[in-house]
Amino acid sequence: MSHAKPLSEHEVNNARQLLKMLQHQVETHTLDTAYMARQLSKLNDFVEQVAQTQQTQLAAFRFKALYNVSRLIGTSLDLQTVLEQVMDAIIQLTGAERGFLMLRDDDGKLKATVARNLDQRTLTSDEFSYSTTITNHVLATGEAVLTTNAMEDPRFAGGASIISKVLRSIMATPLRARGQIIGVAYVENRIVAGLFSDDDLATLDALAGQAAVAIDNAMLFRATDQELTRRVEELRALRQVDRRLNERLDLDDVLAVTLESACLFAKAEGGHIALLEGENPVPFARIHYPQGQEPRTLNLSQTYPFVLDVMRSGKARTHENEKHAALGVPLLLNDKLIGVLVLTREGEQPFDERARDMVERVADRASVTIENARLYAAVQAADRAKSEFVGIVAHDLKNPMASIQGYADLILMMNKDTLDERQISFLQRITDTVKRMEVLVSDLADISRIESGHFYMDESAVSVAKIVEAIRDQSMPQIQARRHRYVENVAPDLPNLKTDYFRLLQVLVNLVSNAAKYTPEGGTITLTVQRVGERVGFEVADTGIGLSEEGKRMLGTKFWRADDSYTRSQPGTGLGFAITARIVEQMGSKIQIDSELGKGSRFSFSVATV
């Protein structure tokens, strides 16, 4: 495009004077034809110069407007905002009465996404009056369209939308992004014919090119944002599944949570889950969704034959027929098949890729928990069997030990005068050994009852004074034998205790006995009894060898004893404190340990009052 020289003020004044002079000659009838022709030629040159200046200014205006619009439509990634900005800019630059932006839907058809008028107002659906004939033509050919009067344009005059809506001036151009037509920009004027020019169409084309990129970016951002939101929601849901799975160690509970979660994610109406064991496992369903709908003897491979392929391949499979759709997903742990999950829904609608992906992710998360729950169940079963075995052995040992003790006492009584000191010493060793075995058997029986859930407390009102006296009577021989000093600090007016008398006595005698054993000769053993809130607190303190940090952590572990030579020199099985700690827990308390190596220990707990 040529650039016209701007008009000077002198040239404008000359044109005005020329017009006045010609007007004067016309009025006075003094026209000179040759002179008139020369002056009109000058006026024609002036008008041409004005026209060129106007075109230059209009081009500059459009360039500036396009620049401003390109900046504007790049300021937002919200799709609706971008569409409205683009439409308003197109109407402004073309002088159209109204405009429409149409984007392709999932089926490839055009759908009016934005409709605006000259006043930047959004049109309602009943105000839509665009030509589908022209928009479909643009979509099909990929070419822009300009018609100055659609009612008379042979290309479109017969179109139903042209005739019914009395459309005249129309422009439409494709919106292209990444080599694809994503929509159509369309402007019109229903009344004025010849409104648009080729320059207007060029402007529309230029703007459409920029707009298509902005619209495509906004659409990609929306799709990405929606996908990200969906993924975040999926992760939240999966975290919830993780939390529910990790709350449980019961195998059936874990399987029920796994199956329910998979059904909800995949929008399945029903489901089954089977665990597989052995060389040739049969997938009998163990858990169903909804629960209780099918018997446990349901063979999934017979009801859903494609399950065999899932088991052989270790990969998810789908199956559809006229009655239902099904999805089978393996439960894998370190590439080992441990189970199979089947989901179903009525009708032929298959499970899509997203549903399959979500169920596989649930299965991956659940497999570890399922295996842990299965191992835990096996450990629990073994532990119960062990406890039952220990209980039986402890019970069966009582009679032979009583016989040994009785025969030893009988021999000593009947042959007291004929036995020498060596023989009497042997009999005493038998008696001492039997007593130690009785303690061990009693401890084993207690552990068996505690672990099997058959350990009961016979609560009654217990006097503090009576329990303190009993502790003293049972513990004093051991304390005196080791030359310890025994101190009692018992607060006055303590209320009666609500507990099992014999179990409380067992706990306190064990603590005092341990204090005596693990305190070198000549130490001090202190029993303190005082109020602790609404309860009565007991504390046994000693000046003995104390415990290391590791010893404090390990104390209470069955059969554990410290490795130092002093501890190993004392009799014991490592069961006494474990039983004591569990009895205290049955009483609603917990033993607190305050100990330092070489400086003694304190053991304290509390008991409820009447």
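Things to note:
- Looking only at the stretch 583-610, and only at residues there that are touching a residue at least 12 places away in the same chain (Cβ under 8 Å) and open to solvent by 70 Å² or more (accessible area, probe 1.4 Å), the one that is nearest to Arg535 (Cα to Cα): Val610
- Hey, Asn217 under 30 Å from Val86 (Cβ atoms) and of a type in the set (S, T, N, Q) or not: yes
- Residue within the stretch 108-117 that is out of contact with any Ser or Thr (no Cβ under 7 Å at 6 or more places or on another chain) and more than 23 Å from Leu207 (Cβ to Cβ) present: yes
- Near pairs, Cβ below 7 angstrom, 6+ apart or cross-chain, from the stretch 563-577 (under 28 Å from Arg449 (Cα atoms)) to any residue that is among the aliphatic types (A, V, I, L, M) and at pLDDT below 80: Thr573/Leu440; Leu575/Ile447
- The criterion of being surrounded by fewer than 21 Cβ atoms within 10 Å (Cβ to Cβ) and either out of contact with any Cys (no Cβ under 7 Å at 6 or more places or on another chain) or without any contact (Cβ under 8 Å) to a residue 24 or more places away in the chain (or both) does not hold for Thr580.
- Within the stretch 540-549, the set of residues being out of contact with any helix residue (DSSP H, G or I) (no Cβ under 8 Å at 6 or more places or on another chain) and outside any loop (DSSP other than H, G, I, E, B) comprises just one member, Glu549.
- Unique match (being under 39 Å from the mean Cα position of the chain (by Cα) and in contact (Cβ under 8 Å) with a residue 40 or more places away in the chain) among Met219, Met171: Met219
- Which listed residue is at pLDDT 90 or above, under 14 Å from Ala262 (Cα atoms) and among the aliphatic types (A, V, I, L, M), from Leu343, Leu337, Leu332: Leu343
- Considering only residues in the stretch 491-512 that are surrounded by fewer than 19 Cβ atoms within 10 Å (Cβ to Cβ) and polar (S, T, N, Q), the one that is nearest to Thr609 (Cα to Cα) turns out to be Asn496.
- Residues of the stretch 550-599 that are part of a loop (DSSP other than H, G, I, E, B), aliphatic (A, V, I, L, M) and closer than 18 Å to Val507 by Cβ: Leu555, Leu575, Met587, Ile591.
- Candidates in the stretch 134-155 are the residues that are over 49 Å from the mean Cα position of the chain (by Cα) and among the hydrophobic types (A, V, I, L, M, F, W, C); of these, the one that is most open to solvent (accessible area, probe 1.4 Å) is Met151.
- Look at the stretch 332-359: where a residue is within 19 Å of Gly314 (Cβ to Cβ) and a partner is open to solvent by 50 Å² or more (accessible area, probe 1.4 Å), sitting 6+ places away or on another chain with Cβ atoms under 6 Å, you get Phe351/Thr318.
- Any hit, the stretch 118-128, residues being surrounded by 14 or more Cβ atoms within 10 Å (Cβ to Cβ), in contact with a Leu (Cβ under 7 Å, 6 or more places away or on another chain) and in contact (Cβ under 8 Å) with a residue 12 or more places away in the chain: no
- Some residue of the stretch 280-296 being among the basic types (Lys, Arg) and at negative phi: yes
- Of all residues in the stretch 96-117, exactly one satisfies the criterion of being farther than 29 Å from Gly179 by Cα and open to solvent by 40 Å² or more (accessible area, probe 1.4 Å), namely Glu97.
- Complete set of residues in the stretch 563-610 that are modelled with pLDDT under 80 and in contact with a Ser or Thr (Cβ under 8 Å, 6 or more places away or on another chain): Gly574
- Search result, residues across the stretch 473-487 that are open to solvent by 70 Å² or more (accessible area, probe 1.4 Å) and within 59 Å of the chain's Cα centre (by Cα): Gln474
- Only residues that are more than 15 Å from Ser606 (Cβ to Cβ), free of Cβ contacts under 8 Å to residues at least 60 places away in the same chain and under 50 Å from the mean Cα position of the chain (by Cα) were counted across the stretch 501-534, and they come to 0.
- Flag set for Gln240, criterion: of a type outside the set (Phe, Trp, Tyr) and closer than 27 Å to Tyr376 by Cα.
The values are calculated or read from the model by the stated rules, or taken from the named source; none is laboratory data. None of the values given here were measured: they were computed from a predicted structure. Note that each Cβ is placed from the backbone with ideal geometry, even for glycine, and that neighbours are counted across all protein chains shown. Side chains are part of the model used for accessible areas, which takes the heavy atoms of the whole protein and leaves out ligands, DNA and RNA. Shrake-Rupley method; radii C 1.70, N 1.55, O 1.52, S 1.80 Å.
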